[in-house]
1. Straight-line reach from K236: which aspartates and glutamates have Cα under 18 Å away, leaving out those fewer than 8 places along the same chain?
2. Dipole of the chain, Cα-centred, from +1 at each Lys and Arg C-beta and -1 at each Asp and Glu C-beta, to the nearest 20 debye?
3. Over the chain, what per residue volume does the convex hull of the Cα atoms give, in whole Å³?
4. Tell me the relative contact order for segment 26-79 as a rounded percent, counting alpha carbon contacts under 8 Å between residues six or more apart.
5. Report the local net charge at N167: Lys and Arg +1, Asp and Glu -1, summed over other residues whose C-beta lies under 10 Å from its C-beta.
6. If the viscosity is 1.306 mPa s and the temperature 10 °C, what Stokes-Einstein diffusion coefficient in µm²/s follows for segment 58-115 when Rh is the Kirkwood radius over Cα pairs?
7. List the residues, sorted by chain then number, that are 5 or more residues from E272 or on another chain and whose placed amide H is less than 5 Å from its amide H.
8. Rounded to the nearest 500 deg cm²/dmol, what is the calculated helix-only ellipticity per residue at 222 nm for the chain, with -39500 (n - 2.57) per DSSP H run of length n ≥ 4?
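Each value in this text was obtained by applying a stated rule to the coordinates, not by laboratory testing. Just so it is clear, the model here is predicted, and its values are computed rather than measured. Glycine also receives a Cβ, built like all others from the backbone with ideal geometry; neighbour counts cover every protein chain displayed.
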Amino acid sequence: MWDYSEKVMDHYRNPRNVGKIDNADAVGIAGSLACGDQLKIYLKIENNIVTDAKFQTFGCGSAVASSSILTEMIIGKTVDEVKKITNKDIADQLGGLPPEKMHCSVMGYEALEDALKGYGDDYQDLDDLFEPEKPEKIVCTCFDVTENVIWDAIKQNGLKTVEEVTNYTKAGGACGKCKGLIQDIIDTYYAKEKSETQLSPTQRILKINNIIETQISPELQKDGGDINLVDIKDNKVYVKLHGKCSSCKNATLTIKRFVEQTLRTAMDENIEVIEV
């Protein structure tokens with residue numbers, strides 16, 4: 001049996017804002033009855049503020065609870081604030097969800113995203129003037145999960161395994177034929193992330209020097225000491241300690257550990273600090 005929080009059980013047993021809003025200003029749908037879960041959310045928006053929200057869902061208790069608390073989260077907020085809500089926010093508001101049920105919070109996020117897609121666009125009635133968007137690539141045909149849904153789930157929740165992606169999106173949870181594609185998406189995402197965050201040698205030197213000047217030096221100056229960056233070679237950072245920093249061997253070792261840990265936390269866990 002799943003380990004549910006009291007808040008999940010409360011919203012499952014006493015769901016809020018169940019129903020439909022006639023003449024809703026925005027309507028979003030996520031999931032599919034053929035896959036076992038579906039959510040439809042209705043929004044009433046006045047002066048860019050969500051004044052009412054209701055939902056209809058077909059699914060498990062986690063789906064009901066996620067949908068229920070989502071309506072409470074968005075009523076009274078501006079459209080811009082609502083657009084920032086993620087599936088993690090929904091799960092956190094419920095006090096957490098079992099890993100195998102995280103897809104219910106994702107469904108709430110997707111329905112909300114679908115409802116607000118294009119809201120406020122002055123050209124909504126002119127869609128027929130433009131070329132239709134290309135259909136999203138379906139990765140999991142069993143549950144109709146698209147590549148974009150998997151990518152967003154990885155990005156928002158830091159997912160690193162196929163099993164985690166399945167828990168959050170259902171993709172790969174049936175025949176399993178798409179698990180190779182899911183792994184490819186995971187590998188591509190983290191390869192892209194690594195390339196975007198990789199620093200050039202000059203950028204690396206500037207960043208390390210900035211950490212020393214803004215985080216490390218002010219702390220050492222409180223005790224009458226200081227530090228200067230001398231050189232950087234690969235993962236070795238050469239520094240010179242001044243004042244009380246260099247007056248005692250034990251103190252020097254303690255300070256070296258402090259400098260090293262600060263740089264490792266902010267930059268790279270392989271950094272080694274060497275006093276010169």
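1. E213, E260, D268, E269, E272, E275
2. 1160 debye
3. Each residue corresponds to 212 Å³ of Cα convex hull volume.
4. Once normalised by length, the contact order is 31 percent.
5. With Lys, Arg at +1 and Asp, Glu at -1, the net is -1.
6. The estimated diffusion coefficient comes to 141 µm²/s.
7. Residues meeting the criterion, in which the H sits 1.01 Å from N, are K236, V237.
8. Rounded to the nearest 500, the figure is -13500 deg cm²/dmol.
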